[in-house]
1. I need the fraction of alpha carbon pairs in segment 35-95 separated by more than 18 Å, rounded to a whole percent.
2. According to a simple spin-label model (label point 7 Å from Cα along Cα-to-Cβ), what is the distance in nm between LEU260 and ALA146?
3. All other residues with a Cβ under 13 Å from the Cβ of GLY37 taken together, and with Lys, Arg as +1 and Asp, Glu as -1, what is their net charge?
4. Spelling out what I want: for every residue of segment 10-24, take phi, set θ = phi - 60°, compute 6.51 cos²θ - 1.76 cosθ + 1.60 (Karplus), and round to whole Hz; glycine and proline get x.
5. What's the extension gain from THR172 to PHE59 if we count 0.36 nm per residue and subtract their Cα-Cα distance?
6. Quick check on the exposure proxy: order ASP85, ASP205, ASP54 from fewest to most C-beta atoms within 10 angstrom.
7. List the equivalent ellipsoid semi-axes of segment 184-226 in whole Å, largest first, each obtained as the square root of 5λ for an eigenvalue λ of the Cα gyration tensor.
Amino acid sequence: MAAGAILFALMNFFARLASSSASWMTVGAVRALIGAGVAVGVARLRGTSLVANDRKAIFWRSLFGTAAMGTTFYALSSRTLPLGDTVTLLNLTPVFLALLAPVVLREQTSAAVGVALLLSLGGVVLIVHPSFSWQGGPASSGPSAATTAAVAVSAAFFASIAMMMLRRVGRTENPEAIAVHFSLFAGVVMTGLSLFDLRLPTLRDTGLMIAAGVCAGFGQLALTRAYTLELAARVSGMGYLAVVTSALLGAIVLGERPSLAAIAGMALVVVGGLVVTFIREPKEE
C-alpha cells in the first residue's frame, strides 16, 4: 500500500500539471486506458486470468471507482487549493471507511484505530483551514476553494465505497482482473465525458498524462493487492503517504509553501496513518 500511495501521489502531481491544456475528463480517460494496458501486461507476465467470476460485484466496484476517479480529477484540475491540501481531502477515505466498514464488511475496528483517525482528521483541519483564504489564481480560472474542497470530499466518500467493494470482490478475483475491468469501465465513461470539452493538449501535457496513467496503473495493482490482503480500515491509513509526497512535490516544484499549521497537520496525518498501520486489530471470535 505504501508503494501504491506514492505512485498515486505522482499520478496526482502529473495530472495537475497536465490539466493546464487538457480537460480533467481527458486526463482521466488517458489515466484509465493506460491503467488497463498496464494491468493486461502484468497479467500476461504473471499468467493470470482476466475473466471476472463475480460480474455484479465487479460492476459496482467499477461504478463507484469511476465516480471517485471523475471527482478526483475535477478537484485536481482546480488551482484554488494547493496540491497537498487537495490530496489531503482526497485521502479522507479512511475516515469514511472507519465509519462504514464495521457495518458493511463486519470488520472490527479497535479504539486505537479510532484515535488514529481522529488525529488524522485533526491534521486535515489544520492543513485545509488556511487554504480557504489561499489565492491560487484569478477567481474566474476555476471553481472556488469551497467547491474544490466539497468535490474532493465527495471523491473520498465514493472511494471508500469502492474500497469496500474491492475488499469484497478481492476474495474471488485476482488484482489484474479487477484493475482491468475497472480501468476499461472508467475509460469508456471518461472518454464519453471528454467529448463535451474537446481540447488539443500540448506535447508536454500529453507526456504528463501518459506518466500519470503509468503511475496510476501500477498504483492500482498495488492498492488492489493490499485491500485483498488486509483489513480495509488499516490499509487505507497508508494512503496518507500520498499527502506528504504531494505536499513535498507542490512545495518543491509548484512553489506552494506550506504554513506552520499545515506542517503540523501533516505530522498529525502521518502519526495517525502509522498508528492505523501498525496497531493490530482485535481478533474476531
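Each value in this text was obtained by applying a stated rule to the coordinates, not by laboratory testing. Just so we're clear, the structure is a prediction, and the values are computed from it rather than from any experiment. Here the Cβ is made from the backbone with ideal geometry for all residues, glycine too, and neighbour counts use every protein chain on show.
1. Working: 1045 of 1830 pairs.
Of all Cα-Cα distances in segment 35-95, 57 percent exceed 18 Å.
2. 2.9
3. Numbers: positive: ARG31, ARG44; negative: GLU176.
Overall, the nearby charge balance is +1.
4. 5, 4, 4, 5, 5, 5, 5, 5, 5, 6, 5, 10, 10, 6, 5
5. On the way: separation 113, 0.36 × 113 = 40.68 nm, distance 1.39 nm.
Using 0.36 nm per residue and subtracting the Cα-Cα distance, I get 39.3 nm.
6. ASP54, ASP205, ASP85
7. Details: eigenvalues 108, 51, 5 Å².
With the √(5λ) rule applied to segment 184-226, the semi-axes are 23, 16, 5 Å.
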